[in-house]
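Heads up, the thing below is written out as structure tokens.
The values are calculated or read from the model by the stated rules, or taken from the named source; none is laboratory data. Since the structure is predicted, the reported quantities are computational estimates derived from the model, not experimental observations. So basically every Cβ, Gly included, is an ideal-geometry build from the backbone, and we count neighbours across all protein chains shown.
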Amino acid sequence: MPAGTLFIPGGSTYTSMDVDDHAEELASTLGVDKAEVKSDLENLVEYSVPVDEAKQSIRRKYGSDADDGAMPSTKDVDAVEVSDGNVTVTVRVITVGCRTIQYQGDEQVIREGILADETGTISYTAWQNFGFEPGDSVTIGNAGVREWDGQPELNIGQSSTVAVETDSVSVAEHDLPCSIGGHTSLLELRPGNRGRVVDVEVVEIEERVINGRDGQTTIHSGVIADESGRLPFTDWEARSTLSSGETFRFDDVYIREFRGAPQVNLSTFTTVEPLSKSIAINKDAQRVAIGEAVDSGGVFDVEVTGTVLEVREGSGLIERCPECNRALQGGQCREHGTVEGEDDMRVKAIVDDGTGAVTAILDRELTESVYGGSMDEAMTVARDAMDKSVIAEEIRSRIVGREYRIRGNLSVDEYGANLEATEFDRTDDDPATRAQSVLEEVTS
Ligand SMILES: [Zn+2]
């Protein structure tokens, strides 16, 4: 017998080089130290365990039940790393969202969503239809791992396999971003979500014609609401079935960011079903601290309470460009030069609540209300004074230093945070007003 050959009682012979190779392969698939695996393997082999069985028991010892050493390692979802080339996972399908992409000149439908096991969740893209649906338990073999948004994501393609598991894979449900199937409340939706299901009431809807990639397209956009809140939506298919005041289930919507806040999008893959139930929609805006809202990058329909520190330039009586609606400066539009301006009124007020500041923008109606007169009246006053700035001055004297409750849509851009106000009301919380109302209650 040549030197360096182990004799295996039971028949087979393996050279020590073989053991080394097997140890190398095990160490790399299991992600453990080679010397340790090799010593285990040598021991087992010396005790006449056939090498395949020996390898299998070592895989079990190190927590992998892959039955073929050539397969990518089987991993828990939270152990998948961007550096893993390929992995095998046994998971529950949480969401499936469909999308069309252009791939090498062809339209191709891809599926995206979330998979989960007991240890966590991971997003995926499936480049062909493997037929799995939300709720299914599957083992996905040889899925590629790539980085998306700083996180590992599974790429399920031609070289992957999907096998249905008969035992359902348990998941940590309280850690899921939505229910199994994708049901999500509007408040919990985030830009980038796909394949979600929402039960909503259409609060506002309008038809718009936009210039899209393929010429003019009619779309519907508006506002939807559920028990948790309200969000803007766009139906790119302009379905005639949607109407305000009615409730619907939108199955397979995707979420994009619009002015810093989530926007719900209905695609050609979205199914829309009328609901027989009514929804107790939340008519109140979420109340937030200004600092928190600004940090989040934007929030649709919020309520903040703060003190007006300043009324900015460009408040009071202004003129707008008839072409683009921009406020004119010195009779000039930034885009269209000298134009015949159209009169308007607005307030840009800096509001601070101690956590942060926003510029609240009041439209003509709200501005007339804080000014205490109509735009026509303001124009007369300005003509008499031969100075438009008296109007801004009057507004300044009425609101600066006072506390207001402001509802609107908050967005953040390079110039700062703006809150387009839909409501702008004095708070009743100052001590004098509170004392007054208590007095009225007592005496009435
Ligand atoms: Zn213009």
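Could you tell me whether segment 368-382 includes any residue that is surrounded by 15 or more Cβ atoms within 10 Å (Cβ to Cβ) and either modelled with pLDDT under 95 or within 16 Å of the ligand (Cβ to nearest atom) (or both)? No, because not a single residue in segment 368-382 is surrounded by 15 or more Cβ atoms within 10 Å (Cβ to Cβ) and either modelled with pLDDT under 95 or within 16 Å of the ligand (Cβ to nearest atom) (or both). Of the residues making up segment 96-136, those that are basic (Lys, Arg) and at pLDDT 95 or above number 1.
Residue selection: Arg396 satisfies the criterion of being in contact (Cβ under 8 Å) with a residue 12 or more places away in the chain and crowded, with 17+ Cβ neighbours inside 10 Å.
Of the listed requirements (1) more than 30 Å from Arg287 (Cβ to Cβ); (2) not in a helix (DSSP H, G or I), Val358 misses just one: (1). Taken over segment 157-192, the criterion of being aliphatic (A, V, I, L, M), assigned to a strand (DSSP E or B) and within 27 Å of Arg249 (Cβ to Cβ) is satisfied by Val164 alone. Contact map, segment 359-373: residues that are more than 18 Å from Gly306 (Cβ to Cβ) paired with residues that are small (Gly, Ala, Ser) and surrounded by fewer than 20 Cβ atoms within 10 Å (Cβ to Cβ), Cβ distance under 8 Å, separation 6+ or inter-chain. Pairs shown: Glu368/Ser374. Listed by position, the strands (runs of 3 or more DSSP E) contained in segment 260-349 that have at least 2 residues being within 16 Å of the ligand (Cβ to nearest atom) are 316-320.
Arg208: surrounded by fewer than 17 Cβ atoms within 10 Å (Cβ to Cβ) and either of a type outside the set (Val, Ile, Thr) or assigned to a loop (DSSP other than H, G, I, E, B) (or both), yes or no?
Details: surrounded by fewer than 17 Cβ atoms within 10 Å (Cβ to Cβ): yes; either of a type outside the set (Val, Ile, Thr) or assigned to a loop (DSSP other than H, G, I, E, B) (or both): yes.
Criteria met by Arg208.
For the residues Val198, Val203, the requirement of being in contact (Cβ under 8 Å) with a residue 60 or more places away in the chain, buried (at least 20 other Cβ atoms within 10 Å of the Cβ) and outside any loop (DSSP other than H, G, I, E, B) singles out Val198. Of the residues that make up segment 264-279, is at least one within 15 Å of Leu231 (Cβ to Cβ), outside the structural domain of Arg364 (by TED's automatic domain parsing), surrounded by 21 or more Cβ atoms within 10 Å (Cβ to Cβ) and in contact (Cβ under 8 Å) with a residue 60 or more places away in the chain? Yes, that holds for at least one residue.
For segment 145-156, indicate whether the set of residues that are in contact with a Phe, Trp or Tyr (Cβ under 7 Å, 6 or more places away or on another chain) and surrounded by fewer than 21 Cβ atoms within 10 Å (Cβ to Cβ) is non-empty.
First, pick out the residues of segment 145-156 that are in contact with a Phe, Trp or Tyr (Cβ under 7 Å, 6 or more places away or on another chain): 153-154, 156.
Checking the rest, the ones that are also surrounded by fewer than 21 Cβ atoms within 10 Å (Cβ to Cβ) come to 153.
So far as segment 145-156 goes, yes, one or more of its residues are in contact with a Phe, Trp or Tyr (Cβ under 7 Å, 6 or more places away or on another chain) and surrounded by fewer than 21 Cβ atoms within 10 Å (Cβ to Cβ).
Of the residues making up segment 247-272, those that are modelled with pLDDT of 95 or more and more than 24 Å from Ile110 (Cβ to Cβ) number 2.
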